[in-house]
Amino acid sequence: MAEIEIVELDAKADYVRVADLMHRASDYVAMETGKANNPGFVHSTLTDAPPNCGPDDIFLRGLERADGSLAGFAGSIRHFPKKGHWYMGLLILDPLERGQGLGKTAAQHVINEARADNAPCIRVAVLDVNKDARKFWDHMGFEHERTVRADPKGDGHKRHVLRLDLAEE
Ligand SMILES: CC(C)(COP(=O)(O)OP(=O)(O)OC[C@H]1O[C@@H](n2cnc3c(N)ncnc32)[C@H](O)[C@@H]1OP(=O)(O)O)[C@@H](O)C(=O)NCCC(=O)NCCS
């Protein structure tokens, strides 16, 4: 893993950089959306949030390489599903960067941000088909909260909602 810095991203200014990462990480994009090349997925990853989330409640983080390209992305929101709770919408790495501890570093960074914001917990929803990611989140200490059945009108994925409690140790 070469030098990588965790930086704040802007949905408009950094769209191209995130789209480039999603292109490289199209294995995941295809798994979730059925299409490897999916500009709509990039856009919704950067901007989708429930109505009670304002612009200050969306946290876009990039894992930036020295050349400015992104090794990964982590997107989170605050106040979902309850006021003050954090939710990690997507953590995704370039396949070349996986398995070397970078995912853990990025997840821990977001967890620390949520803790600093006094969030009682942080959640993530993992696709049932994404067995590797489930093992990663289990390893990070997240616990299964509930399973959401596939909505035939949605993307057809069953998801598991996992939660990490952030109460003081
Ligand atoms: C999931 C993802 C973010 C994990 O990042 P990563 O850099 O590959 O994982 P790390 O190397 O940081 O692994 C952290 C720890 O989890 C463990 N782990 C990770 N994946 C694992 C797996 N499939 N099975 C068992 N353990 C696993 C590692 O062994 C490591 O353990 P350690 O801390 O004891 O050394 C990354 O693989 C990825 O981008 N996958 C594609 C996108 C995706 O599925 N995102 C999740 C959407 S919910």
Review point. Can we say V129 is within 7 Å of the ligand (Cβ to nearest atom) and either part of a strand (DSSP E or B) or under 16 Å from Y28 (Cα atoms) (or both)?
Key: no
Review point. Which of the residues spanning segment 125-169 are aliphatic (A, V, I, L, M), in contact (Cβ under 8 Å) with a residue 24 or more places away in the chain and surrounded by 11 or more Cβ atoms within 10 Å (Cβ to Cβ)?
Key: A125, V126, L127, V129, M140, V161, L162, L164, L166
Check your understanding: Looking at segment 135-142, is at least one residue within 11 Å of the ligand (Cβ to nearest atom), closer than 19 Å to G34 by Cα and charged (D, E, K, R)?
Key -> no
Exercise for review: Please give the number of the condition S69 fails out of (1) more than 10 Å from the ligand (Cβ to nearest atom); (2) farther than 24 Å from A13 by Cβ; (3) in contact with a helix residue (DSSP H, G or I) (Cβ under 7 Å, 6 or more places away or on another chain); (4) not basic (K, R).
Suggested key: (2)
Check your understanding: Got a number for residues in segment 115-169 being charged (D, E, K, R) and modelled with pLDDT under 95?
Key -> 5
Review point. How many of the residues making up segment 99-123 are more than 22 Å from A167 (Cβ to Cβ) and outside any helix (DSSP H, G or I)?
Key: 3
Review point. What single numbered condition from (1) more than 15 Å from the ligand (Cβ to nearest atom); (2) more than 14 Å from the chain's Cα centre (by Cα); (3) over 21 Å from H23 (Cα atoms) fails to hold for A114?
Key: (2)
Check your understanding: Only one of these conditions is not met by M88: (1) within 13 Å of the ligand (Cβ to nearest atom); (2) closer than 22 Å to V161 by Cβ; (3) in a helix (DSSP H, G or I); (4) of a type in the set (A, V, I, L, M, F, W, C). Which number is it?
Key -> (3)
Exercise for review: Say whether the condition of being surrounded by fewer than 19 Cβ atoms within 10 Å (Cβ to Cβ) and hydrophobic (A, V, I, L, M, F, W, C) is met by at least one residue in segment 103-114.
Suggested key: no
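The values are calculated or read from the model by the stated rules, or taken from the named source; none is laboratory data. Fair warning: this is a prediction, and the values are worked out from it, not measured in the lab. Positions of Cβ are generated from backbone atoms using ideal geometry, with glycine treated the same way; all protein chains shown enter the neighbour counts.
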